[in-house]
1. If the viscosity is 1.567 mPa s and the temperature 4 °C, what Stokes-Einstein diffusion coefficient in µm²/s follows for region 83-161 when Rh is the Kirkwood radius over Cα pairs?
2. Using Cα pairs under 8 angstrom and six or more residues apart, how large is the relative contact order of the chain, in percent?
3. What do the square roots of 5 times the Cα gyration tensor eigenvalues come to for region 254-354, in whole Å, largest first, as semi-axes of the equivalent ellipsoid?
4. Using packing as a proxy for protection, rank 158-171, 48-61 so that the peptide with the highest average count of other Cβ atoms within 10 Å comes first.
5. Where the centre of each part is set by its Cα atoms, how far does region 127-169 sit from region 282-358, in angstrom?
6. Calculate how many DSSP beta bridges within the chain are antiparallel, expressed in % of all such bridges and rounded to the nearest 5.
7. How large is the direction-averaged shadow of the alpha-carbon convex hull of region 34-111, in nm²?
8. How would 351, 79 line up from fewest to most surrounding beta-carbon atoms within 10 angstrom?
């Protein structure tokens with residue numbers, strides 16, 4: 001981890017406090033690729049003696065109320081019976097475990113605070129809410145309520161977002177900027193190991209503006225010969241577009257089966273690897289699916305285990321936008337067929353809608 005002395009120091013202090021029985025919250029703000037997720041991953045992975053719960057905001061679930069909150073609280077619902085009855089009932093209704101009118105959002109927030117406190121009574125709890133800009137509004141409101149009311153529960157809430165959200169107003173913020181020039185040069189040197197013309201290197205550094213993902217990804221899509229001839233990308237594209245363009249070049253070099261496999265993964269926001277393999281079978285990949293998956297992973301675009309994890313949000317975006325509308329509809333149709341209607345009627349309906357031509 002290069003630089004980030006201020007950010008690491010702030011996170012270290014918060015982690016020390018949560019181990020001492022205090023609580024806290026922090027919202028990291030920064031543009032795509034600046035390293036917010038890497039910073040949280042690096043610091044939390046080294047944190048001992050705490051339990052970590054993770055949420056990743058998904059743009060496709062932004063219209064599903066409480067979908068983000070369910071990511072956070074779903075694994076903790078075994079503690080529900082320890083909550084006061086009104087709060088337990090509120091969460092049970094919110095997450096579809098019992099029928100009833102929609103509970104008051106403040107009551108849901110207090111119930112979540114109590115639930116996190118019960119979990120933290122066993123071991124200090126660190127909640128990481130990444131890509132908070134994609135959280136559904138209901139979840140963001142509740143998590144804002146919780147973060148503003150933390151006191152001495154041994155709970156730490158760490159958010160990351162591209163820009164502030166009104167629902168999280170009042171949560172302490174920390175801006176994450178690009179790397180200082182010396183660190184940016186060091187990071188660039190770690191990925192370009194061949195001789196590079198001085199003006200080309202300066203152009204790369206100027207394009208990247210110290211943003212780590214740009215420094216890692218923009219050169220990765222070009223050959224040594226291409227870089228030797230000059231680093232030229234369309235200036236009209238925003239940085240996110242230029243990074244996405246680098247991913248597209250990497251995608252275009254893959255076999256057709258691997259591109260189709262990646263599109264299936266990109267089209268499903270759940271990240272369910274079992275669903276990915278089922279849909280791949282329905283699209284006729286069959287035995288070729290395993291080879292296609294290996295090729296996609298070797299290209300550094302995705303990791304496939306129990307969950308499907310893209311290297312970056314922009315990698316998923318590049319895969320999806322790089323495909324034709326016909327291919328996207330075909331993939332969504334296969335995912336709808338592969339999604340069980342019983343437990344996931346909403347996702348099945350969403351995929352069927354995306355498979356429609358109009």
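Laboratory data are not the source of any read-out in this text; all were calculated from the coordinates shown. Just so you know, these numbers come straight off a predicted model, no measurement behind them. Here the Cβ positions follow ideal geometry from the backbone for every residue, glycine too, while neighbour counts run over all protein chains shown.
1. Working: Rh = 13.1 Å.
Translational diffusion coefficient: 99 µm²/s.
2. Numbers: 540 pairs, mean separation 60.4, N = 358.
Reported relative contact order: 17 percent.
3. Details: eigenvalues 77, 39, 36 Å².
Rounded to whole Å, the semi-axes are 20, 14, 13.
4. Details: 158-171: 18.5, 48-61: 16.7.
The packing order, highest mean first, is 158-171, 48-61.
5. Spelled out, the Cα-based centre of one part sits 29 Å from the other.
6. The answer is about 15 percent antiparallel.
7. On the way: hull surface 27.9 nm².
Its average projected convex-hull area is 7.0 nm².
8. Numbers: 351 24, 79 17.
Neighbour counts put them in this order, fewest first: 79, 351.
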